[in-house]
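As structure tokens, the structure follows; a few thoughts come after it.
The values are calculated or read from the model by the stated rules, or taken from the named source; none is laboratory data. Model, not experiment: these values are computed from the prediction. Methodologically, a virtual Cβ is constructed for each residue, glycine included, from the backbone with ideal geometry; neighbour enumeration extends over all protein chains shown.
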Amino acid sequence: MIEIVSPGNKDRANSVSQFVEKARDFLRKGIHVLFVDLFPPSKNDPHGLHAEVWSVWTDTPDERPADKPLTAVSYDAGNPFIAYLEALAPGDILPEMPLFLEPGVYVPCPLEESYTAAWNALPAVLREGLEPKA
């Protein structure tokens, strides 16, 4: 499962709970998960979505630099579950993340290159509507 977190995943406590339970349910069923959360932690996920998902399996919080509040995380749903976490800051180049096909077996998922290719494929009129105003 690949998910790009949207503001709607974090806008209410219920939205966070639904996202977290969906991710946990996939993992319990042996389905690998990769998500990219480019929104800072909120009152509904004060330590970020990964901490919420992962808290069921560990009491040890991830140590992340305060200046890198954003997250890309890939979960290997093997036994045991393994999380590969990349802490990010606004403006960072998106990392290449493992996209697991089966426990211990993955293909690289080049997030920055994928984003850039999708952005460049947009018609100019759509890109202009999404770019910040000068």
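Miscellaneous remarks
- Being more than 30 Å from R127 (Cα to Cα) and modelled with pLDDT of 95 or more holds for only one residue in A77, A72, and it is A77.
- Counted residues, segment 27-43 - those being in a helix (DSSP H, G or I) and either surrounded by fewer than 17 Cβ atoms within 10 Å (Cβ to Cβ) or out of contact with any strand residue (DSSP E or B) (no Cβ under 7 Å at 6 or more places or on another chain) (or both): 1
- Tallying residues that are farther than 28 Å from V107 by Cβ, charged (D, E, K, R) and assigned to a helix (DSSP H, G or I) within segment 1-26 yields 0.
- Residue match in segment 57-71 (condition: in contact (Cβ under 8 Å) with a residue 24 or more places away in the chain and buried (at least 20 other Cβ atoms within 10 Å of the Cβ)): yes
- The listed residue being out of contact with any Phe, Trp or Tyr (no Cβ under 7 Å at 6 or more places or on another chain), more than 27 Å from S17 (Cβ to Cβ) and either surrounded by fewer than 11 Cβ atoms within 10 Å (Cβ to Cβ) or not β-branched (V, I, T) (or both), out of P108, P46: P108
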